[in-house]
Structures are given as structure tokens and as C-alpha cells.
Amino acid sequence: MDTPVLEAHRHGIALARPLLRASVLALAGAACFLAPWTAVTAVGAVLFALAALIAVVGVTRWDRTHLSLTRNALVIEHGFLRRSSASVSLNGTVFEIERPLLGRILGYGTVVAGELEIDCVPRRLTRLLQQRR
């Protein structure tokens, strides 16, 4: 494998969806604790536990996904118990970078190279990819 030119995680916006889900469940759990019925309090505890699990899984997936750009390829490694990797050669591969409005504001985009699609790629990595075209 080539020496990486740049290594990065996906953009932090990738954490927005799981953390929003966890927050909604935690708020529902808190509302259950305010109810006067004992059975509803147990539901609140389950909702809190589920919220914590969703948050931990989301952060772990984000942390265990690494993007590496070498002189010849873009490499994506992901997984916790079972590590997988995929790579796309930069030589002759047609790829595109899509940036929605929020992506342009916050500094991330989606890289599409053949059948491989990587979302929430940080701006610094997409800039290097654009320079190699």
C-alpha cells in the first residue's frame, strides 16, 4: 500500500442523525420519568438505554471509518469487529464530488467513484481529489 498523503475521518455531520435519534429517545425517556405511573418509569429507563446504545454505535462507526488518500488511490476502511476496506484507483477512474448547500457551508461532500459512494467526506480531502483530476 502506498504512503497516505492524507488520512481523515468522515465529517462530523455524519454523527448528526444518530445523535438526533438518541436525543429524541432520551427526551421521551425523561418525559416518562415525569409521569406518575411506575410502569411508565420502566419504559423511560428502556428509552434511555436505547438512546445510549444508538449514540455509542453511531460514534463508534464514525470513529472506525478512516479515509486515506494516497498518490494512486482513495482507500476507505471501516468496521469494528470485522474490518473491511475498499479502494478506488485515481488513475483513469471517473469520480464526481457532490456538495449540497449544507455541505458547502459546513465543508463536506459526497464522493462517487463508480459504484462506490462515500458521504460526509471532509473538504480538505475533496479538494485534493479535485486537484488530481
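The values are calculated or read from the model by the stated rules, or taken from the named source; none is laboratory data. Just so we're clear, the structure is a prediction, and the values are computed from it rather than from any experiment. Counting neighbours? That spans all protein chains shown, and the Cβs are built from the backbone with ideal geometry, glycine included. Note: areas computed on protein heavy atoms with side chains; ligands, DNA, RNA excluded. Shrake-Rupley method; radii C 1.70, N 1.55, O 1.52, S 1.80 Å.
Please work out the average accessible area per residue across region 1-80, using the 1.4 Å probe convention, and give it in Å².
Numbers: 4890 Å² over 80 residues.
Accessible surface, normalised per residue, equals 61 Å².
Rank these residues by their accessible area, most exposed first, probe 1.4 Å: PHE48, PHE80.
Solvent-accessible surface, decreasing: PHE80, PHE48.
Tell me which residues come under 5 Å, amide H to amide H, from VAL5 once H is placed; ignore anything under 5 positions away on its chain.
LEU69, THR70, ARG71
What does the charge dipole of region 20-133 about its Cα centre add up to, to the nearest 20 debye, if the Cβ of each Lys and Arg holds +1 and the Cβ of each Asp and Glu holds -1?
Details: 13 positive and 7 negative charges, 88 e Å.
The dipole magnitude comes to about 420 debye.
Based on the mean of other beta carbon atoms within 10 Å per residue, what is the order of 100-108, 33-41, most packed first?
100-108, 33-41
In debye to the nearest 20, how big a dipole does region 71-133 give about its Cα centre with +1 on each Lys and Arg Cβ and -1 on each Asp and Glu Cβ?
Charge dipole of region 71-133: 360 debye, to the nearest 20.
Expressed as a whole percentage, what fraction of the accessible surface of region 2-96 belongs to carbon and sulfur atoms when a 1.4 Å probe is rolled over the protein heavy atoms?
The nonpolar share, carbon plus sulfur, comes to 64 percent.
Towards the positive end of the charge dipole of region 9-133, with charges on Cβ (+1 Lys, Arg; -1 Asp, Glu), say which of VAL24, LEU53, CYS120 has the farthest Cα.
Positive-end residue among those listed: CYS120.
Tell me, what HN-Hα J-couplings in whole Hz come from the Karplus equation 6.51 cos²θ - 1.76 cosθ + 1.60 at θ = phi - 60° for each residue of region 79-86, using x for Gly and Pro?
x, 10, 7, 10, 7, 10, 9, 9
What fraction of the Cα pairs in the chain, stated in percent, has a spacing above 20 angstrom?
The answer is 55 percent, as a whole percent.
Compute the helix-to-body angle for 38-63: its Cα long axis versus the longest principal axis of the chain, expressed 0 to 90° and rounded to tens.
The angle comes out at about 10 degrees.
When only Cα pairs under 8 Å and 6 or more residues apart are kept, what is the percent relative contact order across the chain?
24
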